[in-house]
Amino acid sequence: MGVPDASGDLSSEMEVDAFRRLFPLRYFERHLSESVRPDARPLGRARDTTLALGAVASAHGSALAKIGSTTMLAAIKMEVMTPSTESPDEGCIAIDFHMPPICSPIVRPGRPAEAAPVISKQLSDTISSSGMINLKELSLVSGKAAWIAYLDIYCLDADGALFDAALLSAVAAFSHLQIPIVSLNDDGKIVVILEEDDGTKLEKEPVNREKRKLTLSSIPFSLTCILHKNYILADPTAEEESIMETLVTVGLDSSSRLVSFYKPGGPVLAYTSAVQDCVALTRQRVKELQEILDEAISGMEID
Amino acid sequence: MDSKPSGSPATFVDHLVVPGDLVVDLSSMTNQTIKLGGGLRQDCDAISVMKAGKLRFSKPNKYWVETSQKRYVPCVEDTILGIVVDSKADNFLIDIKGPALAFLPVLAFEGGTRRNIPKFEVGTLLYVRVVKANPGMNPELSCTDASGKAAEFGALKDGYMFECSTGLSRMLLSSPTCPVLDALGKKLSFEIAVGLNGRVWVNANSPSTVIIVANAIMNSESLSGVQQKIMAEKLLQKIQVNS
Amino acid sequence: MEIDRDHGRSPSQLRPLSCSRNVLHRAHGSASWSQGETKVLAAVYGPKAGTKKNENPEKACIEVIWKPKTGQIGKLEREYEMILKRTLQSICILTLNPNTTTSIIVQVVNDDGALLVCAINAACAALVDAGIPMKHLAVAICCCLAESGYVILDPTKLEELKMRGFAYLVFPNSVLSVLPEGSSLVEGEPMENGIITSVTHGVMSVEEYLKCLERGRAASAKLSDFLRRSLQSQLSNDSSKAA
């Protein structure tokens, strides 16, 4: 273990906590050389992930996703709108990602976090390019009425891998989504039928009785990795992200097609082998996430 | 142009290099000491370029990249022109066209004591020397040479100051005297002070001379030596016709 | 199956490039870069004293301001700002000027496809012009996947509409080196094959992405030659007089 470095020698004399604060990079590298991370994970292992559907009762679809301590709350609210003339039989999705000051000491009240608009842009890119949602399913009356889905994601605790958790919560919220029943009134306007009215007033036929769930065709999942020297660390915490700055986010859909390969700069260059390793790690992770999602959905159906 | 770089650094000397180029191989010259100037850094076993410019070598062992910028990054022992922005109890604050204001201690003058602190108004132009330039700290200046003599340092009164690129100011200071100053000096008499931070001060008896000299120097920014000479001579001919 | 492109361009042919430096008088460094009809102007101010809150004062801070051709900046521009900032941070040597901020202002002059990569190239040339210390240069290239699976490079706005996938890739420039060939290989690949930045839109298979990488690398070698030539031709104008 003798490392020919000033800080390496100190590590045996200093308290672990002091060493971690004074030489964060060396602290991590000492762990990495033993193929373990400070939180006892192997390099390629993601943190424990939990998913709870229906976390917001008033929303039409919602989910709470936790990856380690990174927590995201996603909720969908459906509203009826007039579709645009270019695509008369398509609805639309509006995604917004919020980072309130509660989530991290970096975010200051009154000043929006720099990362928030970027992540919300990435989310809408990933969801639209994966083709997970067929926008035609959101149509009610061609040219007259269609659904607009407002997806709001709140970051409650930002501890690294924000995009992964946000995407997971978004996907889960869509699979939990229950589209409200609407009918046409006498003026030809769309009105929402409240659930309890269902039995009493049946004179107006609902427009969308069969279409209460969206069919999600190919669901995208993602995994963020850190590249540091020759190591690849899956699913970093905020501390790891701040010390080793090269992040790669790979998004794959359920049929293993690439929906995103996002590497915004960073001091480490990604060579072909690293690209392939990241993709392989993501493939494994997609399987895990798919199982977690399936479990959460089947858990809901039993209730 | 540089199709086959071989192992010797001589291949790159006097050539234009861009950031990232590896110009000296240290593993082949283990017993030698080399000195690096601006624009170069050591990257493991090689010397790598940080700024685009011409690689220069001076015997026996100095390498640097010659660049030209509009902004000045202070460097120890540079002589520069600074402008007083503020005066504090211990320091004058001087603008030197760099990232941070520089400090000129009130005692950094020949025979400077607490009793004879010079008074400079805000806006005074000073010819000074950089004595400390550490990253992360404000640079420190001095109005004396290394032996504590005033030499020619101090306030520049009257005259006219203009700004140029750092490359042009270095050219004006080069020896032998650069063609434009040479040509002007033969016909006109004037005083000039050039700071390596891209500031030039000119003074002469008549304002018209100051204007001619200043314009000639500013024009020579993008001219070669021969062109400079022609340009300066043309200017001088014109004034002789007029007067 | 071949793809018809405007002006009989082949799939991996880039549009005519042009780059000029020092186009703005007041900025400390500036460059305009155009690829066909797409044109971007970049200006660099700095290094200026101090860093913003939440930035590490032990390093230089880089700030990118994106100015669209018309209108206000939205989420797309914020994402571009972030990508540019992270990309430029990774090519600059930040430890040399700690506690300073360098601002890069990117003004879109005309957008005819491949806007982000054009902006990255412009910003990189402007940083060279300002003399900001850099590890190496960066060259950016936009690869597109047509419906048929064909990779085409450097699309125009019209072509962008027909594509199903995009990969914006940034690579280091190919450097000249005194080291013997093969000594600078990383994991069996030359340094300039490493990806600095990659952003993709649309769905593609992993094989298709790797194909884009390969085409992008081939094109980046050409781009990097162009960048070196254009930097050198302008430098030689500046420094011929300094000889």
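The values are calculated or read from the model by the stated rules, or taken from the named source; none is laboratory data. Everything numeric in this text was worked out from a predicted model, so none of it was measured. Positions of Cβ are generated from backbone atoms using ideal geometry, with glycine treated the same way; all protein chains shown enter the neighbour counts.
Mind listing just one residue for me: the one in the stretch C:76-95 that is at the interface with another protein chain (Cβ under 7 Å from one of its Cβ atoms) and of a type in the set (D, E, K, R) and, of those, nearest to residue B:19 (Cα to Cα)? If we take residues in the stretch C:76-95 being at the interface with another protein chain (Cβ under 7 Å from one of its Cβ atoms) and of a type in the set (D, E, K, R), then C:86 is nearest to residue B:19 (Cα to Cα). Within the stretch B:75-88, if we keep just the residues that are touching a residue at least 12 places away in the same chain (Cβ under 8 Å), assigned to a loop (DSSP other than H, G, I, E, B) and more than 14 Å from chain C (Cβ to nearest Cβ), the residue that is surrounded by the fewest Cβ atoms within 10 Å (Cβ to Cβ) turns out to be B:77. Looking only at residues in the stretch A:266-303 that are part of a loop (DSSP other than H, G, I, E, B) and touching a residue at least 12 places away in the same chain (Cβ under 8 Å), the one that is farthest from the other protein chains (Cβ to nearest Cβ) is A:268.
Residue B:105 - would you say it is closer than 27 Å to residue B:160 by Cα and either crowded, with 22+ Cβ neighbours inside 10 Å or not assigned by TED's automatic domain parsing to the domain that holds residue B:19 (or both)? Yes: the conditions hold for residue B:105.
Of all the listed residues (A:129, A:124), the sole one being closer than 17 Å to residue A:172 by Cα, within 14 Å of another protein chain (Cβ to nearest Cβ) and in a helix (DSSP H, G or I) is A:124.
Return yes when residue B:164 is at pLDDT 90 or above and not assigned by TED's automatic domain parsing to the domain that holds residue B:97 and no when it is not.
For residue B:164, the condition - at pLDDT 90 or above and not assigned by TED's automatic domain parsing to the domain that holds residue B:97 - is met.
Here residue B:96 passes the criteria (1) β-branched (Val, Ile, Thr); (2) over 30 Å from residue C:31 (Cα atoms); (3) surrounded by 20 or more Cβ atoms within 10 Å (Cβ to Cβ) except the one numbered (2).
Could you identify the single residue in B:85, B:24, B:13, B:73 that is modelled with pLDDT of 90 or more and aliphatic (A, V, I, L, M)?
Going through B:85, B:24, B:13, B:73 in turn, the sole match is B:85.
The rows are residues; the columns are (1) at pLDDT 85 or above; (2) of a type in the set (Lys, Arg); (3) part of a helix (DSSP H, G or I).
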{"residue": "B:208", "(1), (2), (3)": "yes, no, yes"}
{"residue": "B:213", "(1), (2), (3)": "yes, no, yes"}
{"residue": "B:217", "(1), (2), (3)": "yes, no, yes"}
{"residue": "B:229", "(1), (2), (3)": "yes, yes, yes"}
{"residue": "B:235", "(1), (2), (3)": "yes, no, yes"}
{"residue": "B:240", "(1), (2), (3)": "no, no, yes"}
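Considering each residue of the stretch A:123-132 in turn, none proves to be on the phi < 0 side of the Ramachandran plot and over 19 Å from the mean Cα position of the chain (by Cα). Checked against (1) buried (at least 23 other Cβ atoms within 10 Å of the Cβ); (2) among the aliphatic types (A, V, I, L, M); (3) away from chain C (no Cβ under 14 Å), residue A:99 meets all criteria but (3). Only one entry in B:133, B:216, B:183 is out of contact with any helix residue (DSSP H, G or I) (no Cβ under 6 Å at 6 or more places or on another chain) and hydrophobic (A, V, I, L, M, F, W, C), namely B:133.
Cβ-Cβ contacts under 8 Å between residues 6 or more apart (or on different chains), taken from a first residue in the stretch A:171-184 that is on the phi < 0 side of the Ramachandran plot to a second residue that is in a loop (DSSP other than H, G, I, E, B) and polar (S, T, N, Q), are listed as A:179/A:208; A:181/A:208; A:182/A:208. Taking the stretch A:233-265 as the range and being away from every other protein chain (no Cβ under 12 Å), among the aliphatic types (A, V, I, L, M) and surrounded by 21 or more Cβ atoms within 10 Å (Cβ to Cβ) as the test, the residues that pass are A:233, A:234, A:244.
For the stretch A:6-95, the strands (runs of 3 or more DSSP E) that sit wholly inside it and include 3 or more residues that are within 19 Å of residue A:241 (Cα to Cα) are A:70-81. Just one of the listed residues (A:161, A:149, A:170, A:165) is under 14 Å from residue A:96 (Cβ atoms), buried (at least 22 other Cβ atoms within 10 Å of the Cβ) and within 13 Å of the chain's Cα centre (by Cα), namely A:170. Set side by side, the residues C:78, C:86 differ, and just one is surrounded by 14 or more Cβ atoms within 10 Å (Cβ to Cβ), part of a helix (DSSP H, G or I) and free of Cβ contacts under 8 Å to residues at least 60 places away in the same chain, which is C:78.
Checked against the criterion of being part of a strand (DSSP E or B) and of a type in the set (Phe, Trp, Tyr), the candidates B:72, B:63 yield just one match: B:63. You will find that of B:174, B:142, the residue that is modelled with pLDDT under 90 and at negative phi is B:174 and no other. Taking the conditions exactly as written (modelled with pLDDT of 90 or more and among the hydroxyl-bearing types (Ser, Thr, Tyr)), does residue C:209 satisfy them or not? Yes, satisfied.
Annotation note: Cβ proximity below 8 Å between a residue of the stretch C:204-231 that is of a type in the set (Phe, Trp, Tyr) and a residue that is in a helix (DSSP H, G or I) (sequence gap 6+ or interchain) occurs for C:209/A:275. In the stretch C:33-48, the condition of being of a type in the set (Asp, Glu) and closer than 19 Å to residue C:157 by Cβ is met by at least one residue. Filtered by the rule that a residue be assigned to a helix (DSSP H, G or I) and aliphatic (A, V, I, L, M), the stretch A:218-255 gives A:238, A:243.
Go over the candidates A:216, A:202, A:227 one by one and state the one that is modelled with pLDDT of 90 or more and of a type in the set (A, V, I, L, M).
None of the other options fit; the residue is A:227.
Do we find a residue being in a strand (DSSP E or B), of a type outside the set (D, E, K, R) and within 15 Å of the chain's Cα centre (by Cα) anywhere in the stretch B:149-156?
Taking every residue of the stretch B:149-156 in turn, none turns out to be in a strand (DSSP E or B), of a type outside the set (D, E, K, R) and within 15 Å of the chain's Cα centre (by Cα).
I'd like to check something: does the stretch C:52-68 contain any residue that is in a loop (DSSP other than H, G, I, E, B), facing another protein chain (nearest Cβ under 8 Å) and on the phi > 0 side of the Ramachandran plot? Within the stretch C:52-68 (the criterion being in a loop (DSSP other than H, G, I, E, B), facing another protein chain (nearest Cβ under 8 Å) and on the phi > 0 side of the Ramachandran plot), the answer is yes, since at least one residue qualifies.
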